[in-house]
Amino acid sequence: MKLKSRTPSKIMLDMTPMIDVVFQLMIFFMCTLKVLEPEGDFDISMPLGAPSASTVNDAELPPFKVRMQADASGALQTLSFNGQSLGAGDQAFARLNSEVFRAITALQAIGKEQQEKQEVEIDPDYNLDYRHVINAIGACSGRLGPNGVPVRYISRIKFAPRREPR
Amino acid sequence: MKFKPADVSAAELDMTPMIDIVFQLITFFMVINKFDQDEADERVGLPRDTLARPPAVQRKNAFVLNFGFTKNQKGERLSEDPFLFIGDEQLTLEQLRPRLRQESQFYRTIGTSLEDVTVEIRADASVKAGLVQELIQMCQETGIEFQRFALKATQAAVQ
C-alpha cells in the first residue's frame, strides 16, 4: 500500500477584520472629503489707504483711475477708466482689460520699468457689490495667455479713499 | 481498506482584487483630502475671477478674515449686515478692532515685521465694496498697521 505523503496545508489568514477596518477607513475618508473649488488671489501688491510719501515718489505718473458707480441695488451702473466711460456688464470689464493693455503698451515705449511703477486706483461706490471690485482688479492685473499662463499688466493696485454711503 | 471521504471545501472567494481596489480608493481619498483649508469658511461665497491664482509660494505669515453673511439652511441671508467669522464667533466690524490689535501685537511680540504679514481677506461677493474698504482701513490704523493684503477669489473656469 502506498502512503500518501502529507502535504503541508496552506495557512489561511482570516481577512475579515482587516477588510472591516479598511472599509471603515474608506468611509471615513469619503465622508470627510470636502469638495472645494481652488481659490487664489491676484499676486498684486496693494499699497493702500492714505498716500504715503514713498508711493508719491515711486510713481512719477498719476495712477490710472478706475471709477465704478453702483445703482441702488449694488449692481454696476457705469465703469470708467481715466474718465472714459466703458459701460456696464461683462463687456465693460473686457473693455477695461483692453484699455489697460493699450495704456501699458504706451508706457512700455517710455521704459520697461514704468510698467512696474504704474498704479491703478480703484474708486468704487460704497454700496457696490464686492464682486465687481474683484472683476476690476482682475481686468487690471492682466489677462490669460493662450496656454492658461497669465500675462501680467499691472501689479500695483490700490483703493481710493472710501466714499461715504449715500 | 477504508477510503477517506473527500472533504467538501467551502467555496472560497478570492478577496485579493477587491482589497487591491479598496486600498486604491483609500489612497485616493487620503491624497485628495485637504485638512489644511479649515480657515475657509463656507458661509462666505467668494467672487469668481479667471485670474485668481493660488500663491506660488505658501505664505509664512498670513491670517484670514472671513467677511460674509449669516445664512439659514436654505442659504437665505439672516441679516442685512455682514459679519466677520473667527472660529465660532461672529463679530461686527467694530468688534473686530480689538482682535486686530491683539493680532498685530502678537506678531510684534514674536518679532515678525508687519511688512511680512499678509492679511487674506475672504469677502462674500455681495458685501458692499465700501465695507471691504473700511475693513482694510481698520487694518491700517495706528496701533494695528498691517500693510500687505490679499483679496481672495474663486478661480473661475476659462471658457
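The values are calculated or read from the model by the stated rules, or taken from the named source; none is laboratory data. Given the structure is predicted, the values throughout are model-derived calculations rather than measurements. Positions of Cβ are backbone-derived with ideal geometry, glycine not excepted, and every protein chain shown enters the neighbour counts. SASA here: full protein model, heavy atoms, side chains in, ligands and nucleic acids out. Shrake-Rupley method; radii C 1.70, N 1.55, O 1.52, S 1.80 Å.
Interface of B with A. Using a 1.4 Å probe and counting protein heavy atoms only, the two chains hide about 4500 Å² of accessible surface, both sides summed. Each 10 Å bin, from zero up to the one with the longest distance, holds this percent of the alpha carbon pairs of chain B: 8, 28, 26, 13, 7, 5, 4, 4, 3, 1, 0. Just so you know, the Cα atoms of the protein assembly as shown work out to an Rg and Dmax of 29.0, 112 Å.
Principal semi-axes of the equivalent ellipsoid, √(5λ) from the alpha carbon gyration tensor of chain A, are 61, 22, 16 Å from largest down. Here the average projected area of the convex hull drawn through the C-alpha atoms of the stretch B:71-159 stands at 7.9 nm². Residues in the stretch B:111-156 average 30 Å² of solvent-accessible surface per residue, probe 1.4 Å, ligands and nucleic acids excluded.
Placing unit charges on the Cβ atoms of the charged side chains and taking the dipole of chain B about its Cα centre, the candidate lying farthest along the positive direction among B:Pro17, B:Asn66, B:Gln137 is B:Pro17. Only Lys, Arg, Asp and Glu carry charge here, each on its Cβ (+1 for the first two, -1 for the last two); on that basis the protein assembly as shown has a dipole of about 1080 debye about its Cα centre. In a DSSP loop and with at most 16 other Cβ atoms within 10 Å, the GluC sites (Glu not before Pro) in the stretch B:52-159 are B:Glu76, B:Glu80, B:Glu141, B:Glu145. Connecting C-alpha atoms closer than 10 Å in a GNM of chain B, tell me which of B:Gln24, B:Gln137, B:Gln147 has the biggest fluctuation. Comparing B:Gln24, B:Gln137, B:Gln147 in the GNM, the peak value goes to B:Gln24.
Mean-square fluctuations from a GNM of chain A, with a 10 angstrom spring cutoff on Cα atoms, peak among A:Val133, A:Val100, A:Val21 at A:Val21.
Distance between the modelled labels on B:Ile32 and B:Leu13, one decimal in nanometres: 2.4 nm (7 Å Cα→Cβ projection). A straight Cα-to-Cα reach below 15 Å connects A:Lys10 with the aspartates and glutamates B:Glu12, B:Asp14, residues fewer than 8 places away in its own chain not being considered.
With a Cα-only, solvent-free Debye model of the stretch A:84-166, what are the log10 I(q)/I(0) values at q = 0.14, 0.26 Å⁻¹? Taken in order of the listed q values, log10 I(q)/I(0) reads -0.52, -1.39. Between A:Met15, A:Tyr126, A:Leu33, the Cα set farthest toward the positive side of the dipole of chain A (charges on each charged residue's Cβ, about the Cα centre) is that of A:Met15. Projecting the Cα atoms of B:Leu96, B:Val119, B:Phe83 onto the charge dipole of the stretch B:82-135 (Cβ charges, centred on the Cα centre) puts B:Leu96 farthest toward the positive pole. With contacts taken as Cα pairs under 8 Å and at least 6 residues apart, chain B reaches a relative contact order of 28 percent.
Given a 1.4 Å probe and every protein chain left where it sits, what share in percent of the accessible area of the stretch A:18-165 is carbon and sulfur? C and S fraction of accessible area: 57 percent. A Gaussian network model of chain B, with springs between Cα atoms under 10 Å, assigns the largest mean-square fluctuation among B:Phe69, B:Phe149, B:Phe29 to B:Phe29. Filter the DSSP H helices in chain A by two things, a Kyte-Doolittle mean of at least -1.0 and an axial alpha-carbon span of 18 angstrom or more, and list the hits by number. Flagged H segments are A:16-32, A:90-110.
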